[in-house]
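Novice: Below: one structure in structure tokens.
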Amino acid sequence: MAPYESDDNAGAGEVDTPYSGRRRAVRYVVPVTVVGVAAATIGLVPALADSGDPDLPKVTAQQLIEKIAQSDVQQLSGTVKISTDLGLPDLGGLESGLISGVGKGGEGSSADPASKLTELASGTHTLRVAADGQDRQKVSLIEKAAEYSLIHNGKDVWGYDSKSNEVFHGTAADSGGKHKDEVPALPKDFADQALKSVDDTTSVTVDGTARIAGRDAYRLVVRPKHASGTTVGAISIAVDARTGLPLKFTLTPASGGAAVVDAGFTQVSFARPAATTFDFTPPKGAKVTEEKDAGKDVGEDAGKGSGPGARFRDSGPERKDHAESGGPTVLGKGWNSIAVFDSGAEGGVPSPSGNGDTGGFLGSLGDRVSGTFGKGTVFSTRLINALMTDDGKVYVGAVTKDALVKAANTGR
Amino acid sequence: MSRAEAAVRAPSPLWTLGLLRSELAITFRRWRTLALLGVLAAVPVLVGVAVRIETGGGSSPGHGGGGDGPAFITQITNNGLFLVFTALAATLPFFLPMAVGVIAGDAIAGEANAGTLRYLLVAPAGRTRLLLAKYAATMAFCLVATLVVAVSALAVGALLFPLGDLTTISGTRIGFAEGLGRALLIALVVAASLTGLAALGLFVSTLTNSGIAAMATTVGLLITVQILDQIPQLHAVQPYLFSHHWLSFADLMREPVYWDGLLKNLQLQALYAAVFGSAAWARFTAKDITA
């Protein structure tokens, strides 16, 4: 100690007594302790919060499905976290064009619901939802220092993008009431789609309980029985024990790994949201785009739910909205069903988004395959695969590549 | 702490206040402090005039750029109050923390550099008290600097643009009085966002006897952290970077307010303040003061 300090404390009065190296080091215990406590808190609190699945009376899968069907939640507000991982590179809006198979190619306003909600197709997003009956709903996509809100109040449907200060206006009547289920990212929407496909090729079980957003819930697991052709591994739905509302939806692919779709409430309340939540008047100076100007199909697409959930199974009825663009036919049934439609584009890979210059790029993303049907390109994601043959036919489904080729071989 | 202090009777509580008062006076009477505040006050003027000139032809800003630029910039033309939010969003990533880094880095090292630190310690206030007074003065500067930006922005906004009811980013409308209240709350949150950096700067300041080195290190750390926060591959550590949740102050403009990010930000700042504050204490109270 002293030898090290001798030339340092020439100016201090207390030359020999003060702090030995050990006593100095002891002081650093305080910040180190603070770091340790903080690290322990960060590590332990979620673990403690997760512990203890609630004890609930036993129900059968059938009873639980009925409970979901009977669930009639009219008023709620809450926060939904939705993560989608289709295994695509981050291409912005491009991938949604791929998934839907039919591009919209619109040059709409940035407040246009179609252009906004397709953002949900990749990454993690936080949504805030509020609903008060059939006529008033609101869903807001939380962005960094900005927010995109879609508000349905009576006959008006407003989209407001606070980042660009643009407003999209449509009327519910215009869209033929399609906006009524305009919150396409709720766990309920995913769950409804999944349960629609429950048939004899599916096993449905109740797998214990869970606590989601502070509420007791049953966990319903839907699993395709013949997992040969489909890429869907399992679907887990957490159902609120009291209201029967699905609180969390998780879809894991057959290939394993992270969930493809994971949407769940992080906070939920069944109280009536404040009436002002649904009031919207365009701010002064905001650019307002009317639905009529933006083109009809945009509004339709929005009402249908451009979110990945509405599309994660291509055999669902939502396919019908593309009837005008080729009329898909469905091959197979249940989880192995494949939608087929004619893109009308001959010769190689057509660009789904309608921009010619992306065609070559898309081609580079796919794998060339050939079979008795001829040649084509397969676009793969972790869930949905699509085969575009060189004569312009498109086969899409939540099935493996081989199943697509087989369908193309037999389907011609 | 020191033998001299132990020998003297316990100092009266007023000592801390006296020390704090003199620290505040020293901090805010310095030309460099006033110059920093002047620069901060000029930012909203620049933003306001630029937006005003750009929108002279009737167009609204940000459309061409697809919503680039600081948050809220597109709403300024409709409501001058948004200039407050834009100005804070524009200054928070760099101008404000840089000013805080200069003040915090200078706090101890500057005194040591000027040879005045030992005279400060001759007074029977004790090193812990001196450190607390220095930290309090730095935090006061955080608050004053933020308020300078906010008030300047409000004045410019009121002069150049209309005021009135405003639309929150969730699309609901709130009255002007509530808007002002939220602006004040946002200013407080922004000031609180800087406390973590202030503690970090104070710790750096106890490590060296060169004021310039401490300031440069603090500002350098700030820039490093800001860069790290932009690298997607580092997403695992980013939530623990002190600047990660800074822009969450905008969540106060949602309706209802989205508290998650705000609370995370405040917790993180408290953590940084506790860790680096106690590290600064450990270092400073055991340090040999030679200058």
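Novice: Which of B:215, B:284, B:121 sits closest to the plus end of the dipole of chain B, meaning its Cα is farthest towards the positive end, when Lys and Arg get +1 and Asp and Glu get -1 on the C-beta?
Specialist: Going by the charge dipole, the pick is B:121.
Novice: Using a Förster radius of 35 Å, what is the FRET efficiency between residue A:267 and residue B:184 based on their Cβ-Cβ separation? Nearest 0.05, please.
Specialist: 0.85
Novice: Taking K and R as +1 and D and E as -1, what net charge do the other residues with C-beta under 10 Å from the C-beta of residue A:220 add up to?
Specialist: Summing Lys/Arg as +1 and Asp/Glu as -1 gives +1.
Novice: Let me ask you something else. Dipole size in debye (nearest 20) for the stretch A:190-262 around its Cα centre, Lys and Arg Cβ +1, Asp and Glu Cβ -1?
Specialist: 160
Novice: Filter the cross-link list A:155/A:393; A:248/A:375; A:144/A:401; A:67/A:225; A:287/A:393 down to pairs whose alpha-carbon distance in this structure exceeds 32 Å.
Specialist: Long pairs (Cα-Cα over 32 Å): A:155/A:393; A:248/A:375; A:144/A:401; A:287/A:393.
Novice: Stretched out fully, how many nm does the piece from residue A:274 to residue A:35 gain, at 0.36 nm a residue minus the Cα gap?
Specialist: 81.9 nm
Novice: Is the shape of chain B rounded, prolate or oblate, going by the alpha carbon gyration tensor and its root eigenvalues a ≥ b ≥ c, with a/c under 1.5 for rounded and a/b larger than b/c for prolate?
Specialist: In terms of gyration-tensor shape, prolate.
Novice: Rounded to the nearest 500, what is the 222 nm mean residue ellipticity of chain B from helices alone, with -39500 (n - 2.57) per DSSP H run of 4+ residues and division by all residues?
Specialist: -22000 deg cm²/dmol
Novice: Let me ask something additional. With every protein chain left in place, what is the accessible area of residue B:151 in Å² (1.4 Å probe, nearest 10)?
Specialist: Approximately 90 Å² of residue B:151 is accessible to the 1.4 Å probe.
Novice: Report, in order of residue number, the helices in chain B meeting two criteria: a C-alpha extent of 18 Å or more along the helix axis, and a mean Kyte-Doolittle hydropathy of at least 0.0; treat each whole DSSP H run as one helix.
Specialist: TM-like helix candidates: B:14-29, B:31-54, B:95-114, B:127-160, B:176-193, B:195-207, B:211-228, B:259-285.
Novice: List the residues, sorted by chain then number, that are 5 or more residues from residue A:216 or on another chain and whose placed amide H is less than 5 Å from its amide H.
Specialist: A:241
Novice: Can you work out ³J(HN,Hα) from phi for every residue in the stretch A:368-380, in order, using Karplus 6.51 cos²θ - 1.76 cosθ + 1.60 and θ = phi - 60°, giving whole Hz and x for Gly and Pro?
Specialist: Once rounded to whole Hz, the list reads 6, 10, 9, x, 5, 6, x, 10, x, 10, 9, 9, 10.
Novice: Here is a further query. Counting only protein heavy atoms and a 1.4 Å probe, tell me what percentage of the stretch B:3-285's accessible area is made up of carbon and sulfur.
Specialist: Carbon plus sulfur share of accessible area: 70 percent.
Novice: Another question, if that's okay. Going from most exposed to least, what order do B:259, B:246, B:281, A:158 have by accessible area with a 1.4 Å probe?
Specialist: Details: B:259 130, B:246 10, B:281 70, A:158 35 Å².
From most exposed to least exposed: B:259, B:281, A:158, B:246.
Novice: So, one more: What is the set of long-range amide H partners of residue A:231 at a cut-off below 5 Å, with H atoms built 1.01 Å from backbone N?
Specialist: Those qualifying (amide H under 5 Å, at least 5 residues apart or on another chain) are A:399, A:400.
Novice: So how much accessible surface do B and A hide from each other in total, probe 1.4 Å, in square angstrom to the nearest 100?
Specialist: On the way: alone 13670 and 19900 Å², together 30040 Å².
The contact between A and B buries close to 3500 Å².
Novice: Which residues of the stretch B:273-291 bury at least 10 Å² of accessible area once all protein chains are present, versus their chain alone (1.4 Å probe)?
Specialist: B:274, B:275, B:278, B:279, B:281, B:282, B:283, B:285, B:286, B:288, B:289, B:290
The values are calculated or read from the model by the stated rules, or taken from the named source; none is laboratory data. From a predicted model like this one, the values you see are computed outputs, not experimental measurements. Every residue, glycine among them, receives a Cβ derived from its backbone with ideal geometry; neighbour counts consider all protein chains shown. When the accessible area is computed, the model is the full protein with side chains, heavy atoms only, and any ligands, DNA or RNA have been set aside. Shrake-Rupley method; radii C 1.70, N 1.55, O 1.52, S 1.80 Å.
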